[in-house]
Amino acid sequence: MSALLTDRGLTTSRAALCASILGGTSLLGRILVGWLLDRFFGPRVVFAINVVAALGIFILARADSFAAGTLAAARIGIGAGDEAAIPPYLLTRYFSAYAFSPRCTASPGRFMPAAGAIGPVILGHAFDATGFLRLPTHPARGGPGIMALTNFLLPRYAA
């Protein structure tokens, strides 16, 4: 995020502040998602949070000011706060307690570090090829949108 924002003209200190806001709102997102999951139907909560994250990526793709970077960072941070809490929660709601095993809960966790390692490499190659980071953010917006839609389509929990 910092490299993308400095590439668009923000100072390094303001870009770093945006990255810090992302981290802080990620923590707040974890608390918020837990509170919402206790009160509302889980897939609808995930839908709303993923829409917030998708909008954050959309804003980040066009961010050329500190205000836009801050808004994008806050939205993406809130969306990032749910990534570890949601899969185990939904597993316990849709499947029996036997499904809540290390095998089932670790499967989604295997892909997150891989994506975190591969993503910067892909963005780095895209930057080297194009000279800017605007183009590579287009595919990134689709992921949270697709996740939001699939979560919205999940049925009610089994009784």
Problem - Under 12 Å, Cβ to Cβ, from Ile21 - net charge with Lys/Arg +1 and Asp/Glu -1 - result: +2
Exercise for the section: Would you mind ranking Leu5, Leu60 by Cβ crowding within 10 Å, fewest neighbours first? Expected result: Leu60, Leu5
Fill in the blank from the handout: Taking 66-72, 10-16 and ranking on average Cβ neighbours within 10 Å, highest first, one gets 66-72, 10-16
Practice task
Would you mind getting me the FRET efficiency between Ser65 and Ala3? Use the beta-carbon distance for r and R0 = 22 Å, nearest 0.05.
Solution key: 0.85
Problem - Stretchable slack from Tyr94 to Phe152, in nm (0.36 nm times residue separation minus alpha-carbon distance) - result: 19.4 nm
Completion exercise
Along the stretch 72-78, Karplus-curve 3J(HN,Hα) (6.51, -1.76, 1.60; θ = phi - 60°) to the nearest Hz, with x for Gly and Pro, reads 5, 4, 5, 5, 5, x, 4
Practice task
Provide, for q = 0.12, 0.13, 0.22, 0.25 Å⁻¹, the log10 of I(q)/I(0) from a solvent-free Debye sum over equal Cα point scatterers in the stretch 16-106.
Solution key: -0.42, -0.48, -0.99, -1.13
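All of the numbers you see were taken from the coordinates with simple rules; none came from a lab. The model shown is predicted, which means the values in this text are computed figures rather than measured ones. Note that each Cβ is placed from the backbone with ideal geometry, even for glycine, and that neighbours are counted across all protein chains shown.
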